[in-house]
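See structure below.
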Amino acid sequence: MTNRKLMKGNEAICYGAIAGRCDAFFGYPITPQNEIPELMSTLMPDNGHVCLQAESEVSAINMVYGAASTGKRAMTSSSSPGISLKQEGISYIAAAELPCVIVNVQRGGPGLGNTQAGQADYFQTVKGGGHGDYKVITLAPWSVQECYDFMPLAFDLADEYRGPVAILMDAIIGQMLEAVELHDNFEIVDRPKPWAVTGMRERDHNVVNSLWIDVNVMEEVNLRLQARYREAEKNEVRYAEYKVEDADMVFVAYGCSARVCRTVVDLAREEGIKLGLFRPVSLYPFPSNRIAQITKSGCSFMAVEMSCGQMVEDVRLAVNGASEVLFYGRTGGVVPTPTEILDYVKQVYDIAANPTS
Amino acid sequence: MLKRQEVKIVGMGGQGIMVIGQLLAHAALIEGANVVWFPCYGPETRGGLAECTVIISSDEIGSPVTSTPDTLIAMTQPLLDKFAPTVKPGGVIFVNTSLAQPPKYRDDCKIVEIPANDIATELSNPKTANMVMLGGYVELMKPVKLESLKASLKEVLPEHNHRFIPINNTALDKGAEVTSR
């Protein structure tokens, strides 16, 4: 416990960025992620890096675009409405095949919404919130420790797959205090970036661009992106399981919802109800194959989200009709409590466990 | 140490609700427990709703939120009225009786009365009412040691407020005296 420090998820993101050798941070204030730009404003310059508060979210993401073009590790952070503003830039960055990291500390929405916790940006994040055929590798931490651990990973994935990587959090994961170990067990991969615009000198001209007038060239770019996504789908699926083996019903939940569900699993098992928890850690690529395997045990599923039902669609695609998929959600900034989820499980459990009766 | 403690601390912005929650969380950390602190507050700096939850456990902590805390520490009447009905049957409600009436309707809970603002005013620093409440809670429920709280002050308070550590220590002791009687 000697190295354990108490900090917020948002603060752990900053220390994780430093551990991941982030060169440049560009941000704009919005609750509930303000601890990130606040701490970055001292942490980055103290470590010899760049931190700049842009004049808007649009500006911040385009500063990321510029910094990433030079081969530097660049990131931005915001919360739901701010992330909406960044979508054009994210699409451009994906098309220009540039690595970067985008942190979204989700709040209640839609619209300006409120500053409480939400998970209703799932579609926007994993289905491509901007225009065009692109994907964003998405990691969802459920603890302050994972906020720290996932940042170096996110930068590595961004470099490897040459595209934006999202860290999808919520107001609770961002603002709760928890113990974190600021270890340095990371193997940061220094990938050569021969495409970077760093001054031409003896080499050929490098062009970073997202405008391809020739349709055949634009299709080539798309096919290259898709080939990388297929690789990511093969190699970068991440998930965690809790008491899934003998479960009659398995929760599927990420981030804060998964934390709540973990407690429900324990409460239910005390009453003889066999629940389990499947937690997608990478939301894209989604752990569909593993979910399909789990259906063979005959269990049913319940997706639990702080939304009206978004990830549940990916669960249904993965299950592909092999089992029943139920849903429980609260939205608009409301966080479901363990007791209300357990009550709902009890209402539907018998039906779900014996669908024919 | 208790296996698991869920405490909700409520009051109004400016009363030091968040800081006593953080102090408790830090004390639990240095005692090697698992702990989660979670805040909920309005946009106002002072006068709005301020609420935080601290969960301390020897096991891994799942949900960082609870709808039914074991213990409630209420600093003002409106927030006491809002949260007293949520406390688990058999739970404990600490009431700052300088600013709130004990909730007699919760006869299934233990109600602990601490006139925190009066005690803090006697110490010539009314702002330490939060520490008086925290001292009273820790002495009675023992989620952590009083000494761990005191050791956490220098970690939790910003450096420019370290000059107030002695008066905060005194306030913690005064609160502890109330519940050790």
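The values are calculated or read from the model by the stated rules, or taken from the named source; none is laboratory data. Predicted, not measured: the structure shown is a model, and the values here were computed from it. Glycine gets a Cβ as well: all are built from the backbone with ideal geometry, and neighbour counts include every protein chain shown.
The table that follows gives values for the structure above.
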read-out	value
Where B:VAL112 falls short, out of the listed (1) touching a residue at least 24 places away in the same chain (Cβ under 8 Å); (2) closer than 21 Å to B:GLY13 by Cβ	(2)
Candidate set from the stretch A:251-286 (those that are hydroxyl-bearing (Ser, Thr, Tyr) and within 12 Å of chain B (Cβ to nearest Cβ)); member that is nearest to A:ALA154 (Cα to Cα)	A:SER257
Residue satisfying condition, being among the β-branched types (Val, Ile, Thr), in a loop (DSSP other than H, G, I, E, B) and at pLDDT 95 or above, within set A:VAL221, A:VAL237	A:VAL237
Unmet criterion (only one of (1) under 28 Å from B:GLU155 (Cβ atoms); (2) part of a helix (DSSP H, G or I); (3) more than 14 Å from chain B (Cβ to nearest Cβ)) for A:ALA68	(1)
Lone qualifier among B:ALA116, B:ALA129 - being closer than 18 Å to B:LYS8 by Cβ, touching a strand residue (DSSP E or B) at 6+ places or on another chain (Cβ under 6 Å), surrounded by 21 or more Cβ atoms within 10 Å (Cβ to Cβ) and of a type outside the set (Lys, Arg)	B:ALA116
Lone qualifier among A:ARG269, A:ARG279, A:ARG262 - being assigned by TED's automatic domain parsing to the domain that holds A:PHE301, surrounded by 12 or more Cβ atoms within 10 Å (Cβ to Cβ), touching a Gly at 6+ places or on another chain (Cβ under 6 Å) and modelled with pLDDT of 95 or more	A:ARG262
Unique match (being assigned to a strand (DSSP E or B) and surrounded by fewer than 22 Cβ atoms within 10 Å (Cβ to Cβ)) among A:LEU52, A:LEU43	A:LEU52
One residue from A:VAL315, A:VAL334 being assigned to a loop (DSSP other than H, G, I, E, B) and in the same structural domain as A:ALA253 (by TED's automatic domain parsing)	A:VAL334
Matching residues, the stretch A:90-119, being among the polar types (S, T, N, Q) and either surrounded by fewer than 24 Cβ atoms within 10 Å (Cβ to Cβ) or more than 15 Å from A:MET169 (Cα to Cα) (or both)	A:SER91, A:ASN114, A:THR115, A:GLN116
Wholly within the stretch B:24-106, strands (runs of 3 or more DSSP E) carrying at least 1 residues that are away from every other protein chain (no Cβ under 12 Å) and under 13 Å from the mean Cα position of the chain (by Cα)	B:49-57, B:71-74, B:92-96
Subset of the stretch A:114-140 [within 22 Å of A:VAL260 (Cβ to Cβ) and either within 13 Å of chain B (Cβ to nearest Cβ) or modelled with pLDDT under 95 (or both)]	A:ASN114, A:THR115, A:GLN116, A:ALA117
